[in-house]
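**Q** First the structure, which I've put down as structure tokens, then a few questions once you've had a look.
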Amino acid sequence: QVLLVESGGGLVQPGGSLTLSCAASGFAFSRYDMNWYRQAPGKERELVATVTSDGVTLNWHNSVKGRFTIYRINAKNTMYLQMNSLKPEETAVYYCNGVDGRYWGQGTQVTVSS
């Protein structure tokens, strides 16, 4: 059974930082590219970034370049999204996605507000 579990969301002030985690199980994590998506209230889900099976990052959303870092530790079956200089408009549910795009986590809420 494939399982993706996000954690690390919460309330942060504008300009603050958070690091999200996605713990994966039930498949050969090291073989698959993984993605972070987000969905803000009333908006469509959008791709934030991708990390390939061997750690190359790509598909960056233009608005997060230089502020967010996506990485993975295959030995821990875990992917991360480090987010710096957060903005109120980045309030959203952040989702982990993988296995050729077929599986999703339940999401973790990130709220950027003073």
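**Q** Over the chain, average the accessible area per residue using a 1.4 Å probe and give it in Å², no decimals.
**A** Per residue, the chain has 51 Å² of solvent-accessible surface.
**Q** When only Cα pairs under 8 Å and 6 or more residues apart are kept, what is the percent relative contact order across the chain?
**A** Answer for the chain is 36 percent.
**Q** If you plug each phi of segment 97-112 into the Karplus form 6.51 cos²θ - 1.76 cosθ + 1.60 with θ = phi - 60°, what whole-Hz ³J(HN,Hα) values come out, in order, with x for Gly and Pro?
**A** For segment 97-112, the Karplus-derived couplings read 9, x, 6, 6, x, 7, 10, 10, x, 7, x, 9, 7, 10, 10, 10 Hz, x marking Gly and Pro.
**Q** Quick one: Karplus J couplings for segment 8-21, per residue in order, coefficients 6.51, -1.76, 1.60, θ = phi - 60°, nearest Hz, x for Gly and Pro?
**A** Listing the rounded values in order: x, x, x, 9, 9, 6, x, x, x, 10, 8, 10, 8, 10 Hz.
**Q** Would you please give the residues with an amide H less than 5 Å from that of GLY107, counting only those at least 5 places away or on a separate chain, with H modeled from the backbone geometry?
**A** Counting only residues 5 or more places away or on other chains, the set is GLU6, CYS96.
**Q** How big is the Cα convex hull of the chain in projection, averaged over all directions, in nm²?
**A** Its Cα hull, projected and averaged over all orientations, spans 6.4 nm².
**Q** In whole percent, how big is the carbon plus sulfur part of the accessible area of the chain, probe 1.4 Å, protein atoms only?
**A** With neighbouring chains kept in place, the figure for the chain is 46 percent.
**Q** Just to check I understand the Karplus step: with θ = phi - 60° and J = 6.51 cos²θ - 1.76 cosθ + 1.60, what whole-Hz values come out for segment 28-43, glycine and proline as x?
**A** Residue by residue, segment 28-43 yields 7, 3, 5, 8, 10, 5, 10, 10, 10, 10, 8, 9, 7, x, x, 10 Hz.
The values are calculated or read from the model by the stated rules, or taken from the named source; none is laboratory data. As the structure is a computational prediction, the values presented were derived from the model and not from experiment. Areas reflect the complete protein model, heavy atoms only, side chains present, ligands, DNA and RNA absent. Shrake-Rupley method; radii C 1.70, N 1.55, O 1.52, S 1.80 Å.
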